[in-house]
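Structure, as structure tokens:
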Amino acid sequence: MATADRQWPQFYLGIQQLKQLRPKPTVAASEAMPALLQRTAELCSLFIELANDNAAGIMAQLNLSPRPLPLYLARIVKMLALALILSRCYSWQRQRTEQLLQTLLNTAVFADDSVTSQQAWVRTAKALQQYDQQHPQLPLLIGACNSQRQPPWQLHPDGPLLALVSQLAEKMLPETGSQPGLSQLLNQYLSHQAGVDKSKWYCLLLQLSQTNALPGRFARNKTSRNLTHYWFIIGQVENIDTAKQAEQTAQVYVRQFDPASKSIGHEVHQMPLAELALLSPQYFKDFNWLGFIERDNTLLPAIADNSLSNCVNQSLFARLTGLSVSKQVQMLEQRPLISQFLQRNAASISRQQLPVNRLRHAITMLGQDALQSWVAQAEVYQYCQQQGHPHQSWLEQLQHCLIQALHLLSSATPRPIALSKAGVIARCASVSIWQEPALFQTALARQVRQQPLLGIYIQQHIWRSASYPELTRQLLEHYQHPDWALAIQGWHSQRPGTLALLLRLSWQLTMAVFIADEVSEQRLTALLPAAAGQLALPKQPVTYWQQQLIAASQCYYPLPEM
């Protein structure tokens, strides 16, 4: 039943050998760093491969500590496991996960048992800076170093998480004394940090500790009278009961453990978890023990295909037409994010502003004529949610502001656009921002020449990127807005058509309100007179449209959460 994983010893050996790649003072960084970075990238890929092969093996790293490794390396293994677990739970894209894991592996090169994690981060940052002052891992390390001194919106989005997993790993593997299990560790946080139970990372790890963090734990019989039997938990038996029943009926796969000889038996048993008393996590010498862990990839969220092409391929948009409401409900209920979006928006347009808790009720309220537009919006919303973006809430507010700007401006023209249609156009025109790599690396509050850096990157993406109009066109065609799809083809034209100009003006108004920097306001001021004449807008100053949009959108700056 078990899978003998020969790659864990290879991984442990690999991180032990990293110290050999530490640059010597007499060697230039340009000569030493390429080999170092290549090796840590290889080990990062190996670690992810091990996780993909058997998620239970990653869980076991929280409960087992390799005795042959120095303390600092054993802690880094736990940091890697925690970082990968949280990144999966947060639905991160692989590139972002790889950067965090490789940064941890790079710190292993410059760490030892005599330095703190903070000192290792500083050493690593200095070496990277000498090699490449623009290296993407530099802001991440600086963010981790400053995580206790600056608020998260002033740091690299993943800097606080790097600091957190380091702190957790140090507590999980103290220099002396017994090792606390994950549940015990979280209880320590709960008693010492007010409000920690509201943190997303805490809730995820708490749920994990209650259900999935058992592989690699040792236990003994609770009720044994004469002879105590010890067991090594190698897996969890699939339980199809409800969550409440599962707590009472959970079963685990175990092998008998002999404390005297430090050996694990060959026979696999199935036992009720309720009959076992869990022991503290342990050190282990024999790497073959990891080969006893049962393959179980249900312990972590699956890696989903969150590409935009897959979103389009899986789209329900064109399949709902002509179906009965019952059939529509049946199809849409399979997509929880879409169902929740429809219910939430149905509630927002009702006069009583009462919550809508049933999908059938939401469909009835939205109406069949507008349902496709709302479903189109919901599908793009689902795609954005699945990206696990560090600035998700902030980008959603930006997108909301654009929807309101398009609706506001069009309502003042001879051809107004319904709010549901404006939502489709604006979401299609902003979804590619979620894919802009620079945003993942940028602190929410970082400024350059008194301009928000996020705003600079977004402006560059909208006005200079060759892929922006093409991607927007494809989505507009898919959601059956051929006039807008045709208009977006002239996005970079000096003389855009009416629809493209309306979208341009909506973007500039959005940036002038939401980013609210001097450059955005200057661009809006320059664009408005000519655009107002072509679109037949009322002659009003920039401040009028800004105030109207602020009132319509009620937009705000959400602060980041971890």
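Points to keep in mind about this one:
- Placing unit charges on the Cβ atoms of the charged side chains and taking the dipole of segment 267-320 about its Cα centre, the candidate lying farthest along the positive direction among Leu320, Asn306, Leu273 is Leu320.
- Listed values for segment 305-321 are Karplus-derived 3J(HN,Hα) couplings in whole Hz (6.51 cos²θ - 1.76 cosθ + 1.60, θ = phi - 60°), namely 7, 9, 6, 5, 5, 5, 4, 5, 5, 8, 4, 9, 3, 7, 9, 8, 4, and x replaces Gly and Pro.
- Taking a straight Cα-Cα cut-off under 19 Å and skipping sequence neighbours fewer than 8 places away in the same chain, the aspartates and glutamates within cross-link reach of Lys222 are Glu247, Asp258, Glu275.
- Accessible surface computed residue by residue for segment 31-170, with neighbouring protein chains in place and a 1.4 Å probe, gives 34 Å² per residue.
- 5 angstrom amide H check on Tyr230, placed H, neighbours 5+ away: Phe257
- Taking the average, over residues, of other Cβ atoms within 10 Å as the packing measure, peptides 371-381, 292-302 rank 371-381, 292-302 from highest down.
- Within straight-line cross-link reach of Lys285, lysines at Cα separation under 22 Å, skipping those fewer than 8 residues along the same chain: Lys19, Lys78, Lys171, Lys262
- By average C-beta atoms within 10 angstrom, highest first, the peptides 172-179, 205-212: 205-212, 172-179
- Net charge dipole, the chain: roughly 600 debye, given to the nearest 20, about the Cα centre with Cβ charges of +1 for Lys and Arg and -1 for Asp and Glu.
- Overall form of segment 430-562 per C-alpha gyration tensor (a/c, 1.5; a/b vs b/c): oblate
- Matching label, volume of the Cα convex hull per residue in Å³ computed from the structure shown, candidates [x] 214; [y] 184; [z] 166: [y]
- Crossing angle, helix 182-192 versus the chain [Cα axis fit, 0-90 degrees, rounded to tens]: 70 degrees
- Nearest-ten-degree value, helix 368-385 long axis tilted from longest Cα axis of the chain: 40 degrees
- Segment 20-177 shape via C-alpha gyration tensor axes, a/c threshold 1.5: rounded
- Part-to-part distance (alpha-carbon centres) for segment 122-168 and segment 424-480, which is given in Å: 25 Å
- The angle between the Cα long axis of helix 71-89 and the main principal axis of the chain comes to about 40°, on a 0 to 90 degree scale.
- Taking packing as the residue-averaged number of other Cβ atoms within 10 angstrom, the listed peptides 148-161, 442-455 run from highest to lowest as 148-161, 442-455.
- Computed per residue of the chain from DSSP H runs no shorter than four, each worth -39500 (n - 2.57), the mean residue ellipticity at 222 nm is -17500 deg cm²/dmol.
- Three-way shape call for segment 98-229 based on the alpha-carbon gyration tensor, with the a/c threshold at 1.5: prolate
- Sequence-ordered 3J(HN,Hα) estimates for segment 401-411 from the Karplus curve with 6.51, -1.76 and 1.60 and θ = phi - 60° stand at 5, 5, 4, 5, 5, 5, 5, 4, 5, 5, 5 Hz, glycine and proline given as x.
- For trypsin sites (Lys or Arg not before Pro), the sites in segment 496-562 that DSSP calls loop and that have at most 13 other Cβ atoms within 10 Å are Lys539.
- In sequence order, segment 165-180 has phi-based couplings of 5, 5, 5, 4, 5, 5, 6, 6, 10, x, 5, 9, x, 6, 8, x Hz under the Karplus curve 6.51 cos²θ - 1.76 cosθ + 1.60, θ = phi - 60°, and Gly or Pro positions carry x.
The values are calculated or read from the model by the stated rules, or taken from the named source; none is laboratory data. From a predicted model like this one, the values you see are computed outputs, not experimental measurements. Virtual Cβ from ideal backbone geometry, glycine too; neighbours counted across all protein chains shown. We work out accessible area using only protein heavy atoms, side chains counted, and drop any ligands, DNA or RNA first. Shrake-Rupley method; radii C 1.70, N 1.55, O 1.52, S 1.80 Å.
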